[in-house]
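The values are calculated or read from the model by the stated rules, or taken from the named source; none is laboratory data. This one's a predicted model, so the numbers in the text were calculated from it and none came from an experiment. Heads up, the Cβs are rebuilt from the backbone with ideal geometry, glycines too, and the neighbour counts pull from every protein chain shown.
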Amino acid sequence: MLEIKAISTFYGHIQALKEVSLEVQGGEIVSLVGANGAGKTTLLNSVSGIVPPRRGEILLNGQAITHLPAEKIVGMGISQVPERRQVFGELSVRDNLVLGGYLRLRRGKKTAVTQDIERVCEMFPILKERQNQLAGTLSGGEQQMLAIGRGLMAQPKVLLLDEPSLGLAPLLVREILDVLVNLREMGTTILLVEQNARAALEISDRGYVLETGSVVLSGKAQELITNEDVQKAYLGRVNHKRLETRD
Ligand code: ATP
């Protein structure tokens, strides 16, 4: 469904991705594993058109999307849930969801958007309960659910998720990952970046390991979990520095 062919992405003259290739088949959850600064977010931003690659190609169902504007890429079925759940705090939960469906709203499909809000609220009952509350007053976990819900409002074929469990208590991490498994069952294809690499690989079909902008290893998620190098580098101790900065 998603094919990334030898992309190189730069910030000015800093090269963040070096000829990265990967693919995500329809209905898969694929995890990107890597240390801070390895290029995981840049990879997602390259796919969604926020930071287009300078070289290489990105295809969605065989169609090149490499240099399309981000809005067009959303319209074609790729939706990104950014890191640190950037919800619109001054807007209600419901209005945040409406915004997620704005491309269709603009095409006059108000009923479809309303139905999707219902669907998202079924998936996340807490959002239904809190629909009229300001998004900024939700707890961290609730805001993450809203961020995912908003991403789903664009009816994506492929959902790009950047650190959905960041800052969440273990129980909520589990809940978010369970939601991803449900989404896969409903046919959504997922490319997942997650600091909590073990938990991410456990629900993934396959994974890629990124090191300083290059893919150094890829394989079935179960194989990566049992790979000694991966265990040592990414699945060992909890990253305490990261935990201390959690909200
Ligand atoms: P983390 O796990 O810390 O979020 P990451 O794997 O997602 O890290 P990226 O955020 O993609 O890594 O960063 C890859 C490299 O690109 C890093 O060296 C980073 O400093 C650099 N970089 C990221 N964003 C920018 C930017 N806007 N301008 C310049 N350099 C950037």
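Remarks
- Selection from the range 45-95 of residues that are basic (Lys, Arg) and either on the phi > 0 side of the Ramachandran plot or part of a helix (DSSP H, G or I) (or both): Lys72, Arg84, Arg85, Arg94
- Selection count, the range 155-170, where residues are away from the ligand (no atom under 16 Å from the Cβ) and farther than 15 Å from Gln143 by Cα: 6
- The range 2-26, subset on the phi > 0 side of the Ramachandran plot and more than 13 Å from the ligand (Cβ to nearest atom), residue surrounded by the fewest Cβ atoms within 10 Å (Cβ to Cβ): Ala6
- Candidates Asp116, Asp95, filtered to the one that is crowded, with 21+ Cβ neighbours inside 10 Å and more than 18 Å from the chain's Cα centre (by Cα): Asp116
- Output for the range 27-53, where each listed residue is touching a Gly at 6+ places or on another chain (Cβ under 8 Å) and more than 10 Å from the ligand (Cβ to nearest atom): Gly27, Val30, Ser31
- Candidates Ala38, Ala70: the one that is without any contact (Cβ under 8 Å) to a residue 40 or more places away in the chain and within 18 Å of Leu161 (Cβ to Cβ) is Ala70.
- So Ile50, is it crowded, with 21+ Cβ neighbours inside 10 Å and of a type in the set (A, V, I, L, M): no
- Candidate set from the range 96-145 (those that are of a type in the set (Ser, Thr, Tyr) and outside any loop (DSSP other than H, G, I, E, B)); member that is farthest from Val179 (Cα to Cα): Thr111
- Residues that are farther than 13 Å from Leu22 by Cα, among the aliphatic types (A, V, I, L, M), surrounded by fewer than 21 Cβ atoms within 10 Å (Cβ to Cβ) and within 16 Å of the ligand (Cβ to nearest atom) within the range 174-221 comprise just one, Ala199.
- On inspection, Leu183 fails the criterion of being modelled with pLDDT of 95 or more, outside any loop (DSSP other than H, G, I, E, B) and closer than 29 Å to Glu90 by Cβ.
- Hits in the range 119-167 - residues which are free of Cβ contacts under 8 Å to residues at least 40 places away in the same chain, within 26 Å of Gly39 (Cα to Cα) and crowded, with 21+ Cβ neighbours inside 10 Å: Met145, Ser165
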